[in-house]
Amino acid sequence: MKTMRQLKARDYMSPLRPAHFGQIRLETDRGITLHTHNYHELFWITEGRGLHLINGARRPLREKCLVLIRSADVHDFVPDPGRFLGIANVAFSTGTWRRLFERCFPGITDPMSLPHVRDREFLLDDSQWADLQLASVDLAAGRRGIFETELFLLNLFKILGLGKPLAAEAPPLPEWLERAVREIRQPAHFIGGTPAFARLAGRSGEHVARVLKRLRGLTPTDLVNEARLDYAAHRLISTHDKILDIALDSGFKNLGHFYKVFEGKFRTSPRRYRLHHQKIIKSP
């Protein structure tokens, strides 16, 4: 094992470029180089599996896993035998994170202050994963000024649901309802609407609606529409399909209703949403 080293912010960042973005593919035989740094960072796994060696612990890593790293953490990565790890990394000064978090969430516990790494690990679902890729486009393209850095972090706070006080955490869902909430996000299911949601739950529609309202303050229609809209948003960004076709494939039989519901969530029309996000992706 090699001697631990400390990485310095001055080697990666400057006052006008307060963030650094990098991607790397680690092979099994790379050896272990434990290191620390004088800045905060976060990383997510783009492919592969392995272990995160951090502060004496060994934490499993898999694709779509995101971890917040404090400046005081000592860590390195080990791919599984015969495999590799694809890692994307964003580094930023501790001051940048603290000022932004305190400004946005006064009085809320900063997740970077949590001592146990398990409390700073997140396994992203497909929707969160897609949002993270969009949020990191500017940094990956080399646009790493103050505006782009803070915008990325603000989007990250939203993706991870940070800033919520512990007292406001929702009670756990029963297993049958949690399974239905997860499965309804698949096109094969949400196309069937609320009756399909009830079938997935294995309960009557009235019972599902009652429990969901009590535990989450939502209706089955809310969850079905959220799944449909996330799917539609992804299609708008990643394809050139006609908006009418996307609306129909998402389960909306009326184009006017699709526009109304879409604008209610995204505060813009499907066409403008597509133009804005495809412009970002295509920017040099």
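How much length, in nm to one decimal, is gained on full extension between LEU215 and LEU16, taken as 0.36 nm per residue of separation minus their Cα-Cα distance? Please report the intermediate quantities before stating the final value.
On the way: separation 199, 0.36 × 199 = 71.64 nm, distance 4.55 nm.
Full extension of this stretch gives 67.1 nm more.
With viscosity set to 1.002 mPa s and temperature to 20 °C, compute the Stokes-Einstein D of segment 232-277, Rh being the Kirkwood radius across alpha carbon pairs; µm²/s, no decimals.
Details: Rh = 10.3 Å.
Approximately 207 µm²/s, per Stokes-Einstein.
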**Prompt:** Semi-axes of the equivalent ellipsoid of the chain: what are they in whole Å, largest first, if each equals the square root of 5 times a C-alpha gyration tensor eigenvalue?
**Reply:** 36, 23, 19
**Message:** Need one number: nm distance between label points at ARG58 and HIS257, each 7 Å from Cα along Cα→Cβ, rounded to one decimal.
**Reply:** 5.4 nm
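Which length gain, in nm to one decimal place, applies between GLU175 and ASN155 when the Cα-Cα distance is subtracted from 0.36 nm times their residue separation?
Details: separation 20, 0.36 × 20 = 7.20 nm, distance 2.98 nm.
Fully extending the segment from GLU175 to ASN155 adds 4.2 nm.
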**Message:** For the chain, take the longest principal axis of its alpha carbons; what is the angle in degrees between that and the long axis of helix 205-216, to the nearest 10 within 0 to 90?
**Reply:** 30 degrees
**Message:** For a quick check, take a GNM of the chain with Cα springs below 10 Å and name the residue from ASP241, ASP80, ASP110 with the largest mean-square fluctuation.
**Reply:** ASP241
**Surface accessible to a 1.4 Å probe, THR109 within the full protein complex, Å²** = 90 Å²
**Request:** Give the accessible area for LEU215 in Å² (nearest 10); use a 1.4 Å probe, count only protein heavy atoms, and leave out ligands, DNA and RNA.
**Result:** 30 Å²
**Fill in**
For segment 143-150, in residue order, the Karplus 3J(HN,Hα) values (coefficients 6.51, -1.76, 1.60; θ = phi - 60°; whole Hz; Gly and Pro = x) are 8, 10, x, 4, 4, 5, 5, 5
**Complete:** The percentage of Cα-Cα pairs in segment 162-265 separated by more than 21 Å is 40 percent
**Prompt:** So what is the calculated 222 nm ellipticity per residue for the chain, using -39500 (n - 2.57) for each DSSP H run with n of 4 or more, over all residues, to the nearest 500 deg cm²/dmol?
**Reply:** -13000 deg cm²/dmol
**Request:** Report Rg(Cα)/(2.2 N^0.38 Å) for segment 45-186, keeping two decimals.
**Result:** 1.13
**Request:** Would you tell me the accessible area of GLU175, worked out with a 1.4 angstrom probe on the heavy atoms of the protein chains, in Å² to the nearest 10?
**Result:** 120 Å²
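Taking square-rooted eigenvalues a ≥ b ≥ c of the alpha carbon gyration tensor, is segment 99-251 rounded, prolate or oblate, where a/c under 1.5 means rounded and, failing that, a/b exceeding b/c means prolate? Don't skip to the end; give the middle numbers.
Values: a/c = 2.67, a/b = 1.29, b/c = 2.07.
Cα axes put segment 99-251 in the oblate bin.
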**Request:** Please tell me the relative contact order of segment 219-264 in percent, rounded to the nearest whole number, where contacts are Cα pairs under 8 Å and at least six residues apart.
**Result:** 31 percent
**Item:** Solvent-accessible surface ranking, highest first, for LYS158, LYS253 at 1.4 angstrom
**Value:** LYS253, LYS158
**Overall form of segment 38-77 per C-alpha gyration tensor (a/c, 1.5; a/b vs b/c)** = oblate
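What's the long-distance tail for segment 12-117, i.e. % of Cα pairs beyond 20 Å? Each step should come with its number before you reach the end.
Details: 2331 of 5565 pairs.
In whole percent, the long-distance tail amounts to 42.
List the relative contact order of the chain as a percent without decimals, with contacts defined as Cα pairs under 8 Å and 6+ residues apart. Intermediate values should be presented prior to the final figure.
Details: 427 pairs, mean separation 39.8, N = 284.
So the answer I get is 14 percent.
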**Carbon + sulfur, % of accessible area of segment 39-171 - ligands and nucleic acids excluded, 1.4 Å** = 52 percent
**Asked** What is the sum of charges around THR221, taking Lys and Arg as +1, Asp and Glu as -1, for the other residues whose C-beta is under 12 Å from the C-beta of THR221?
**Response** 0
**Fill in**
Ranked output for segments 49-61, 95-107 by mean other Cβ atoms within 10 Å, highest leading, reads 49-61, 95-107
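The values are calculated or read from the model by the stated rules, or taken from the named source; none is laboratory data. Given the structure is predicted, the values throughout are model-derived calculations rather than measurements. Because the Cβ atoms are built from the backbone with ideal geometry, glycine has one as well, and the counts that use them run over all protein chains shown. Surface accessibility is based on the protein's heavy atoms, side chains included, excluding ligands, DNA and RNA. Shrake-Rupley method; radii C 1.70, N 1.55, O 1.52, S 1.80 Å.
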